[in-house]
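What follows is a single structure, written as structure tokens, with notes after it.
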């Protein structure tokens, strides 16, 4: 069951915002998101939390400055998603700007597994003659890999944002806002954000050592396009600090200040960088970069972000686009099979959903889990069988169910069932021993039954209430677009009652609606639905500026519809 609800907001915060001149509808929206002072909406770089608040960051800066001064060879070990790729490109570009000898490695999802494994460490020593390993977007759980690096007399700096396990890495420096005793206020930094902070601290350390001064120091703000892309694509919470990072990156992209690879990805996506939005990062550019890590080797994506040759960047972006098209085709087939499997277990009677197929692509099960979760609003795990017989899974969750904590509890209750796991509250990955799928499914369901109520398993579409007639305008849409919206700071969604005047099907997939409200007429589109609506409906919708034949008009994008007849 899905219900439309209206967000509540503190009356005092609303009144305080209105008194400062904030538009009343925006004041209502901001107050519902915990904002009470316009200063909290500032996106200037001066508002960033200082790097020194991150535990061990001064040690990391001193360590890297020493490595650069001594000419030690640094190898960056990346992750194979968009956050990992952007963090790797950021690290390589930033370290080289600051004088480092640096190279990178990225594990292959299918051959190497996740993170800094002993095999990756051996390869770094043998193939790259590495003295220093720097992990980006991974490493907090790589205990064996770090141990192997110490054996081979390599130093390790871990930069990560994932939640740590019961045991922390030893004999290395760790910069992670989520490690114990770290008082950094923003626990939602993405991996690329953590690395950006490390570079800021390193540059400050090198200023202190008089390697350069404020006038001659390298500019790191020109790398903020990478920070914005990785942050938004990783779906971390857009708290005030992350909103600054994303807004600053978007500002530079719109002005043409970006890496050649980012520009090329905008081009192959058919998006205008001059009008770049967070939507472009999350749903156009990000997926094309992610596709390489899902189906092939993220090295292609990283190289696209590292090259300064515009022609070469475009060639790689075209290949990434081709891979993404292939990914969509594979995903479509997997969704059909998953739908058949789910129908047999009656999802309405379950608190969780687990699906497995030997034929599914390991790189796409995370997307599949996300699609299933969105449709059924249940914590979901999708599994595929690996070459070694182990079962590898990826999960997505709903707001009231902390996925990583659930996996941790199952691992303790059923020793040996889970080979390894890691992740966040809303997304996680794991490996099961061969033949462990049924046992895990039962254990996963049992935890959800303990933790979730029936009400929590009912989807609520939170809206910002009714919209005044005069707000259905391009000027108001432009006002909304001055903010960065995303996970944790959701884009405005409104709800109103309308009369459906006309409706027709587009491309056998979508619905085009003509609506009436208060003697005014509106055009709306309902993506992914061809269901005919009754004459009177209550809609949850977003406002959109639709460009067609050189003209721009207001369009409603319908997220959910409830019949009133």
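Just so you know, all these numbers are worked out from the coordinates, no wet-lab data involved. Everything quoted here is computed from the prediction, not taken from an experiment. As a convention, Cβ positions derive from the backbone with ideal geometry for all residues, glycine included, and neighbour counts pool all protein chains shown.
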Mean projection area, nm², convex hull over Cα of the stretch 202-322: 8.5 nm²
For the chain, what does the relative contact order come out to in percent, with C-alpha contacts under 8 Å and a separation of six or more? 12 percent
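What list do you get for 381, 1, 206 if you sort them by fewest beta carbons within 10 Å? Show your work: numbers first, answer last.
On the way: 381 29, 1 10, 206 20.
Least crowded to most crowded, the residues run 1, 206, 381.
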For a bin width of 10 Å, list the pair-distance distribution of the stretch 303-361 built from all Cα-Cα distances, rounded to whole %. 19, 30, 21, 17, 12, 2
Specify which labelled value, from [x] 0.99; [y] 1.05; [z] 1.19, agrees with Cα Rg over 2.2 N^0.38 Å derived from the coordinates of the model shown. [x]
Please check which bits of the stretch 481-500 a label hung off residue 518 would reach, taking the label as a point 7 Å along Cα-to-C-beta and the cut-off as backbone N under 16 Å. 494-499
At the level of C-alpha centres, the distance separating the stretch 203-222 and the stretch 382-447, in angstrom, is 45 Å
So for each of 121-127, 149-155 I average, over its residues, the number of other beta carbons within 10 Å; can you give me the resulting order with the highest mean first? 121-127, 149-155
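Please compute the contact order of the stretch 113-230 in relative form: average sequence separation of alpha-carbon pairs under 8 Å and at least six residues apart, divided by the residue count, as a percent. Kindly include the intermediate steps, with their values, before the conclusion.
Values: 165 pairs, mean separation 23.2, N = 118.
Relative contact order here is 20 percent.
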How far is helix 224-233 tilted, in degrees, relative to the longest principal axis of the Cα atoms in the chain, given as a value from 0 to 90 rounded to the nearest 10? 60 degrees
Label residue 58 and residue 254 with points 7 Å out from Cα along Cα→Cβ: what is the distance between them in nm? 3.8 nm
Computed label-point distance, nm, for sites residue 214 and residue 183 using a 7 Å Cα→Cβ extension: 2.6 nm
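Hey, can you rank 332-339, 85-92, 351-358, 416-423 by average C-beta count inside 10 Å, highest first?
Put in order of decreasing packing, that is 85-92, 351-358, 416-423, 332-339.
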Residues 135, 463, 2 arranged by fewest to most Cβ contacts within 10 Å: 2, 463, 135
How much length is gained if the chain between residue 405 and residue 279 is pulled fully straight, taking 0.36 nm per residue apart and subtracting their Cα-Cα distance, in nm to one decimal? 42.4 nm
How long, wide and thick is the stretch 345-457, going by the Cα atoms along their three principal axes, in whole angstroms, largest first? 41, 28, 25
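Tell me the relative contact order for the stretch 345-457 as a rounded percent, counting alpha carbon contacts under 8 Å between residues six or more apart. Numbers along the way, then the final one.
Numbers: 211 pairs, mean separation 28.4, N = 113.
Relative contact order for the stretch 345-457 comes out at 25 percent.
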Residue-normalised 222 nm signal for the chain, counting each DSSP H run of n ≥ 4 as -39,500 (n - 2.57), nearest 500 deg cm²/dmol, is -12000 deg cm²/dmol
Round to a whole angstrom and tell me the spacing of the C-alpha centers of the stretch 473-551 and the stretch 253-284. 25 Å
Send over the semi-axes of the stretch 443-554's equivalent ellipsoid, whole angstrom and largest first, taken as the square roots of 5 times the C-alpha gyration tensor eigenvalues. 31, 20, 15
Using the eigenvalues of the Cα gyration tensor, what equivalent ellipsoid semi-axes result for the stretch 287-406 when each is taken as the square root of five times the eigenvalue, whole Å, largest first? 31, 15, 13
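Using mean Cβ contacts within 10 Å as the protection proxy, how do 250-262, 513-525 order, highest first? Walk me through the intermediate numbers first.
Details: 250-262: 20.5, 513-525: 15.1.
Final packing ranking: 250-262, 513-525.
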Please express the shape of the stretch 57-178 as an equivalent ellipsoid: the semi-axes are the square roots of 5 times the eigenvalues of the C-alpha gyration tensor, given largest first in whole angstrom. 19, 16, 15
Just how many % of Cα pairs in the stretch 47-257 lie over 24 Å apart, if you round to the nearest whole percent? 36 percent
Residue separation between residue 337 and residue 312 times 0.36 nm, minus their alpha-carbon distance, gives in nm 5.2 nm
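What does the convex hull of the alpha-carbon atoms of the stretch 153-219 project to on average, in nm²? Show your work: numbers first, answer last.
Working: hull surface 24.6 nm².
With every direction weighted equally, the projected area is 6.2 nm².
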Extension gain, residue 23 back to residue 564 (0.36 nm per residue minus Cα-Cα distance, nm): 191.7 nm
Taking other Cβ within 10 Å of each residue's Cβ, how do 451, 485 sort, fewest first? 451, 485
